[in-house]
Amino acid sequence: MYAVVEIAGQQFKVAKDQRLYVHRLNAKEGDSVDFDNVLLVDNGGKVNVGAPAISGARVTAKVLGHLKGDKVIVFKKKRRKGYQKSNGHRQFLTQIEIQKIVEKGASKSTAEKSKPKEEAKAKPEAKAESKPKAESKPKADPKAKAEEKPAAKAKSESKPTAEKKAPAKKAPVKKDAPKSESKPKTEAKKSDDEKKDDK
């Protein structure tokens with residue numbers, strides 16, 4: 001038989017007569033401590049899983065002693081910056097021995113699971129009443145949106161007219177340039193003809 005239990009913010013898989021180290025507990029040496037937050041219990045192949053904890057189940061342990069863990073070096077460095085910092089840390093721990101695992105509330109858990117279903121059935125009725133109120137609010141919004149849309153259309157219509165005028169102005173400028181180039185050519189031709197006549 002084993003259980004998964006949360007002790008001082010950590011989850012442990014524990015069995016009877018097992019010794020383990022946990023974060024420092026607020027208890028004296030020789031005291032017995034109960035842990036109620038049991039997440040899973042396996043009793044000879046029968047697995048009982050809590051949602052999230054099993055109601056009524058508990059793990060009893062005896063405090064054997066308080067001690068410090070091994071030293072851990074915390075070293076920080078930023079390269080090319082001349083920054084180095086070294087720190088040491090020793091975690092405060094408590095050694096406990098698991099004495100018994102009690103699995104109760106298996107029948108209660110099924111009864112509790114049925115209660116939320118009944119409450120869930122009652123809740124949709126309340127939600128149905130609140131829906132018409134929520135629908136009344138959006139009705140005011142479409143009117144405001146309808147007023148904004150014509151203004152946006154007017155802006156979009158004004159832009160194309162300005163764009164159409166601009167290309168019309170540029171086109172004559174391009175046509176004038178080739179005409180000016182053609183005149184010198186005719187003058188050049190005349191000058192050639194005049195030369196022939198002179199000869």
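Restricting attention to segment 16-31, which residues are surrounded by 13 or more Cβ atoms within 10 Å (Cβ to Cβ) and among the small types (Gly, Ala, Ser)? Across segment 16-31, the qualifying residue is only Ala27. Looking at this structure, is Val47 aliphatic (A, V, I, L, M) and touching a residue at least 12 places away in the same chain (Cβ under 8 Å)? Here the answer is no, as Val47 does not meet what is asked. A search for C-beta distances below 8 Å between a residue of segment 59-76 that is under 9 Å from Thr94 (Cα atoms) and modelled with pLDDT of 95 or more and any residue that is assigned to a strand (DSSP E or B) and of a type in the set (Gly, Ala, Ser), counting only pairs 6+ apart in sequence or on different chains, returns Val63/Ser32. Residues in segment 1-38 that are basic (Lys, Arg) and assigned to a loop (DSSP other than H, G, I, E, B): Lys16, Arg24, Lys28.
Does Val4 satisfy the condition of being of a type in the set (Val, Ile, Thr), surrounded by 17 or more Cβ atoms within 10 Å (Cβ to Cβ) and without any contact (Cβ under 8 Å) to a residue 40 or more places away in the chain? Don't jump to the end; show me each part of the working.
On the way: of a type in the set (Val, Ile, Thr): yes; surrounded by 17 or more Cβ atoms within 10 Å (Cβ to Cβ): yes; without any contact (Cβ under 8 Å) to a residue 40 or more places away in the chain: yes.
So Val4 passes the test.
The values are calculated or read from the model by the stated rules, or taken from the named source; none is laboratory data. What you are looking at is a predicted structure, and each value in this text was computed from that prediction instead of being measured. Because the Cβ atoms are built from the backbone with ideal geometry, glycine has one as well, and the counts that use them run over all protein chains shown.
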